[in-house]
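Quick notes on the structure that follows.
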């Protein structure tokens, strides 16, 4: 992340995302597959580092390197966009400055966490006489409780935190840099540095851009 200043002097905490060009690898139609969708592939890798089914799927493009990631996007209205063909390259220039986007990715995995970190519990009082209870969860029900002597399903307790697919909506595009295949988005996005993210534009119902987040230009 970094700080970006706009022309009117406003400062934004922003995330720089390196969005390599994506390639349309398949167009699925309702007549053949039963639904309309556009499949795109991104991140070129050596063939020996990619699974053989993925290598074979991308050979129709005639490229020497294989694509590591594939994502399938279904249009919101169910109608395929016009002019999209297999082998077409989609760059970061499909986005515009000021556009609202949503970013989806796998959040950071933080292992086993207590209720204070996982759910934002305040913990016990920090007064005299308290021992080993500052970060304790408190009562979870028990006999005679609201669940009739058992722990209610969905009770907020300690457990594994992170590693989930998270979507952040209404993030503003501050800059689009086609020369370096980078896009600057206001705010934070899910995941660690290097996480594969999907950026969905507000005016591009059927276009998602896979990319990898990075914190410096």
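Which number in (1) touching a strand residue (DSSP E or B) at 6+ places or on another chain (Cβ under 6 Å); (2) under 26 Å from residue 27 (Cα atoms) marks the one condition that residue 99 misses?
The single condition residue 99 does not satisfy is (2).
Hey, any hits in the range 182-199 for a residue that's within 20 Å of residue 96 (Cα to Cα) and at pLDDT below 90? Give the derivation first.
Here is the first cut: in the range 182-199, the ones within 20 Å of residue 96 (Cα to Cα) are 182-189, 197-199.
Keeping just the survivors that are at pLDDT below 90 gives none.
Looking through the range 182-199, none of the residues is within 20 Å of residue 96 (Cα to Cα) and at pLDDT below 90.
Does the range 140-149 contain at least one residue that is assigned by TED's automatic domain parsing to the domain that holds residue 201, part of a loop (DSSP other than H, G, I, E, B) and farther than 30 Å from residue 29 by Cβ?
Checked against the condition, which is being assigned by TED's automatic domain parsing to the domain that holds residue 201, part of a loop (DSSP other than H, G, I, E, B) and farther than 30 Å from residue 29 by Cβ, the range 140-149 yields no hits at all.
On the given criteria, is residue 70 under 21 Å from the mean Cα position of the chain (by Cα) and at pLDDT 90 or above? Reasoning before the result, please.
Numbers: under 21 Å from the mean Cα position of the chain (by Cα): yes; at pLDDT 90 or above: no.
The answer is no for residue 70.
For the range 164-187, which positions are surrounded by fewer than 15 Cβ atoms within 10 Å (Cβ to Cβ), part of a loop (DSSP other than H, G, I, E, B) and more than 11 Å from the chain's Cα centre (by Cα)?
Result: 178, 179, 180.
Residue 148 - would you say it is surrounded by fewer than 11 Cβ atoms within 10 Å (Cβ to Cβ) and over 15 Å from the mean Cα position of the chain (by Cα)? Can you show your working first?
Working: surrounded by fewer than 11 Cβ atoms within 10 Å (Cβ to Cβ): yes; over 15 Å from the mean Cα position of the chain (by Cα): yes.
In short, yes.
Under 6 Å by Cβ, and 6 or more places apart or on different chains, what pairs join a residue from the range 127-149 that is under 24 Å from residue 117 (Cα atoms) with one that is surrounded by 10 or more Cβ atoms within 10 Å (Cβ to Cβ) and at pLDDT below 80?
Pairs found: 141/147.
Of all strands (runs of 3 or more DSSP E) completely enclosed by the range 33-118, which ones contain at least 3 residues that are in the same structural domain as residue 159 (by TED's automatic domain parsing) and exposed (fewer than 15 other Cβ atoms within 10 Å of the Cβ)?
Details: elements: 37-45, 66-73, 100-106, 109-113.
Because the criterion is at least 3 residues that are in the same structural domain as residue 159 (by TED's automatic domain parsing) and exposed (fewer than 15 other Cβ atoms within 10 Å of the Cβ), the strands (runs of 3 or more DSSP E) in the range 33-118 that meet it are 109-113.
The values are calculated or read from the model by the stated rules, or taken from the named source; none is laboratory data. Since this is a predicted model, take the numbers as computed values, not measurements. Every residue, glycine as well, gets a Cβ built from its backbone with ideal geometry; the counts of neighbours run over all protein chains shown.
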